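Participant: One structure is given below, represented as structure tokens, and several questions about it will come after.
The values are calculated or read from the model by the stated rules, or taken from the named source; none is laboratory data. Please read all numbers here as calculations on a predicted model, not as lab measurements. Here the Cβ is made from the backbone with ideal geometry for all residues, glycine too, and neighbour counts use every protein chain on show.
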Amino acid sequence: MTTPYAQRRAALARQIGRDGIAIVPTAPERPRNRDSDFLYRHDSYFYYLTGFTEPNAWLVITGDGKSTLFCAPKDLEREIWDGYRLGPEAAPDALGVDDAHSVAALDAQLPRLLENRGTVWFPFAIHKGLESRVDGWLSSVRARVRYGALCPQSQQDLCGILDEMRLVKDAHEQDIMRRAAQISAGAHVRAMQLSARRLRDGQDVREYHLDAELLHEFRLHGSQYPAYGSIVAAGANACVLHYRADAAPVRDGELVLIDAGCELDGYASDITRTFPANGRFTGPQRVLYDLVLASQDAAVAATRPGKRFNDPHEATVQVLAQGMLDVGLLDRNKVGSVDDVIEKRAYFAYYMHRTGHWLGMDVHDCGSYVEPSEIGNGSERKDALSGETILDRPSRILKPGMVLTIEPGIYVRPGPGVPEQFHNIGIRIEDDAIVTADGCELITRGVPVKADEIEALMR
């Protein structure tokens with residue numbers, strides 16, 4: 001049975017051409033401090049093509065479809081200390097590659113593999129020192145030209161091809177992402193319930209208590225690690241977009257914003273929920289929460305095949321801009337109509353990020369946000385806030401299998417003219433969406449999103 005990884009390698013071989021050769025290293029191990037490394041995580045491009053998670057490995061694919069793996073050799077003494085190694089002898093059967101060698105043979109073998117190829121493809125600007133290694137291998141090939149060897153005449157960035165391949169997720173990838181989303185949803189539920197329970201019992205609640213619940217649930221269900229540093233922000237901390245879980249108290253009557261997701265078998269999930277620490281929204285909190293949720297509903301409706309990537313963001317901004325006027329966050333006498341708010345970006349004071357991003361192996365996944373067939377159709381405009389001239393190109397047309405986040409928010413810091421009842425309220429609601437044939441599938445709704453349902457859960 002052909003694996004998804006073998007199918008991807010074959011597809012890549014077709015795209016680099018018969019005279020092409022592609023070189024893909026995995027990520028190196030990185031020291032954390034004396035005698036200790038950071039928890040290892042493979043390179044996403046490498047894993048996409050191999051399913052192999054060991055460090056110190058390289059994949060070479062030639063245009064005729066042959067794949068060669070270089071990996072750490074079997075070494076029983078090192079395996080006692082560092083763990084099991086697959087080894088090159090077992091790699092062809094286990095991974096479906098055509099050939100495998102010890103990574104110690106890389107420098108000797110690569111010039112031979114590069115000989116008589118027209119183009120060498122590798123990821124640009126990702127692996128420090130890779131360009132120099134390729135140059136060294138090419139120098140060895142050039143030293144053999146007197147013996148009839150031909151050296152590749154061009155170098156191409158492999159990321160462009162792989163980004164396009166990774167942008168649309170196959171059924172295998174979608175299934176993993178659904179399971180990752182389910183685990184992450186359960187973790188958010190657990191954190192919500194712990195917050196309300198501890199406050200009801202008169203116990204101290206800190207951001208790190210809720211972070212611990214997330215981590216416990218991730219690992220309990222087989223996730224290898226968080227997909228990114230979890231944001232657990234209590235009270236005013238929710239107005240800091242990239243806040244990290246710390247030791248701040250979670251107080252009765254305040255909101256908590258949690259942006260957290262696990263990684264499962266190489267694929268990320270990404271969920272944000274904002275909830276009342278004690279399980280009951282106050283009036284002003286509920287007003288802004290319902291506004292953010294309405295803007296997300298508009299974005300979800302705009303996420304379907306044929307729509308543009310920017311359409312959900314524009315739908316969100318339309319609802320938020322009108323809502324900010326309605327609730328008094330923006331003064332009509334100063335900013336004008338909803339169209340004026342959007343044109344002048346007056347909403348930016350309370351909503352300063354985009355509504356989504358691609359999601360996949362990386363939490364901010366690869367893939368162009370510009371429609372490839374329309375790159376030349378850009379138009380210039382002057383940004384209302386910065387005064388910069390910006391070139392707008394048509395954004396990506398959504399297709400089934402693309403996966404993106406939908407994450408509107410409102411962040412209200414105290415300031416002149418800002419209604420006091422909304423001070424220090426930060427709200428974001430984020431779900432993961434798979435574009436389907438007729439709309440989108442929200443795979444993260446295992447954790448409630450409606451205010452009434454959140455309150456019921458936390459009771």
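Participant: For the condition small (Gly, Ala, Ser) and closer than 20 Å to ARG393 by Cβ, what is the one hit in SER368, SER337?
Facilitator: SER368
Condition check ((1) assigned to a helix (DSSP H, G or I); (2) in the same structural domain as ARG273 (by TED's automatic domain parsing); (3) at pLDDT 95 or above; (4) among the β-branched types (Val, Ile, Thr)) across all residues:
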site	(1), (2), (3), (4)
PHE124	no, no, yes, no
HIS127	no, no, yes, no
ARG133	yes, no, yes, no
ALA149	no, no, no, no
GLU173	yes, yes, yes, no
ARG179	yes, yes, yes, no
ILE183	yes, yes, yes, yes
ARG190	yes, yes, yes, no
LEU194	yes, yes, yes, no
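Participant: Moving on to the next point. In the set SER67, SER102, which member is in contact with a helix residue (DSSP H, G or I) (Cβ under 8 Å, 6 or more places away or on another chain) and hydroxyl-bearing (Ser, Thr, Tyr)?
Facilitator: Residue meeting the stated conditions: SER67.
Participant: Determine the pairs where a residue that is surrounded by fewer than 22 Cβ atoms within 10 Å (Cβ to Cβ), located within the stretch 309-338, has a partner that is β-branched (Val, Ile, Thr) and part of a helix (DSSP H, G or I) with Cβ atoms under 6 Å apart, the partner being 6 or more residues away or on another chain.
Facilitator: These pairs meet every condition: GLN322/VAL338; VAL327/VAL287; VAL335/VAL341.
Participant: Mind checking which residues of the stretch 240-256 are under 17 Å from ILE410 (Cβ atoms) and surrounded by fewer than 14 Cβ atoms within 10 Å (Cβ to Cβ)?
Facilitator: HIS242
Participant: Give just the number: which of (1) in contact with a Leu (Cβ under 8 Å, 6 or more places away or on another chain); (2) buried (at least 24 other Cβ atoms within 10 Å of the Cβ); (3) under 12 Å from ILE406 (Cα atoms) does VAL300 not satisfy?
Facilitator: Failing condition for VAL300: (2).
Participant: A further question on this structure: Conditions: (1) in contact with a helix residue (DSSP H, G or I) (Cβ under 8 Å, 6 or more places away or on another chain); (2) surrounded by 21 or more Cβ atoms within 10 Å (Cβ to Cβ); (3) closer than 26 Å to ILE406 by Cα. MET177 meets all but one. Number of the miss?
Facilitator: With respect to (1) in contact with a helix residue (DSSP H, G or I) (Cβ under 8 Å, 6 or more places away or on another chain); (2) surrounded by 21 or more Cβ atoms within 10 Å (Cβ to Cβ); (3) closer than 26 Å to ILE406 by Cα, MET177 is out only on (1).
Okay, residues lined up against (1) of a type in the set (Phe, Trp, Tyr); (2) touching a Ser or Thr at 6+ places or on another chain (Cβ under 8 Å); (3) closer than 28 Å to ALA227 by Cα; (4) part of a helix (DSSP H, G or I):
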| position | (1), (2), (3), (4) |
| --- | --- |
| LEU320 | no, yes, no, yes |
| MET324 | no, no, no, yes |
| ARG354 | no, no, yes, no |
| MET361 | no, yes, yes, no |
| CYS366 | no, yes, yes, no |
| GLY376 | no, no, no, yes |
| GLU380 | no, yes, no, no |
| LEU391 | no, yes, no, no |
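Participant: Taking into account only those residues within the stretch 362-413 that are among the β-branched types (Val, Ile, Thr) and buried (at least 21 other Cβ atoms within 10 Å of the Cβ), which is farthest from the chain's Cα centre (by Cα)?
Facilitator: That would be VAL412.
Participant: Scan the stretch 202-210 and give yes if some residue there is part of a loop (DSSP other than H, G, I, E, B) and surrounded by 15 or more Cβ atoms within 10 Å (Cβ to Cβ), otherwise no.
Facilitator: Looking through the stretch 202-210, at least one residue is part of a loop (DSSP other than H, G, I, E, B) and surrounded by 15 or more Cβ atoms within 10 Å (Cβ to Cβ).
Rundown of residues vs (1) buried (at least 17 other Cβ atoms within 10 Å of the Cβ); (2) of a type in the set (Lys, Arg); (3) without any contact (Cβ under 8 Å) to a residue 24 or more places away in the chain; (4) not in a strand (DSSP E or B), yes/no style:
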residue	(1), (2), (3), (4)
THR2	no, no, no, yes
ARG18	no, yes, no, yes
VAL24	yes, no, no, no
LEU39	no, no, no, yes
TYR48	yes, no, no, yes
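Participant: Just checking, which of VAL120, VAL97 is assigned to a loop (DSSP other than H, G, I, E, B), farther than 24 Å from SER36 by Cβ and in contact with a Ser or Thr (Cβ under 8 Å, 6 or more places away or on another chain)?
Facilitator: VAL97
Participant: For the stretch 305-321, enumerate the residues that are in contact with a Leu (Cβ under 9 Å, 6 or more places away or on another chain) and of a type outside the set (A, V, I, L, M).
Facilitator: Once the filter is applied, which keeps residues that are in contact with a Leu (Cβ under 9 Å, 6 or more places away or on another chain) and of a type outside the set (A, V, I, L, M), the stretch 305-321 yields PRO305, GLY306, LYS307, ARG308, PHE309, ASP311, PRO312.
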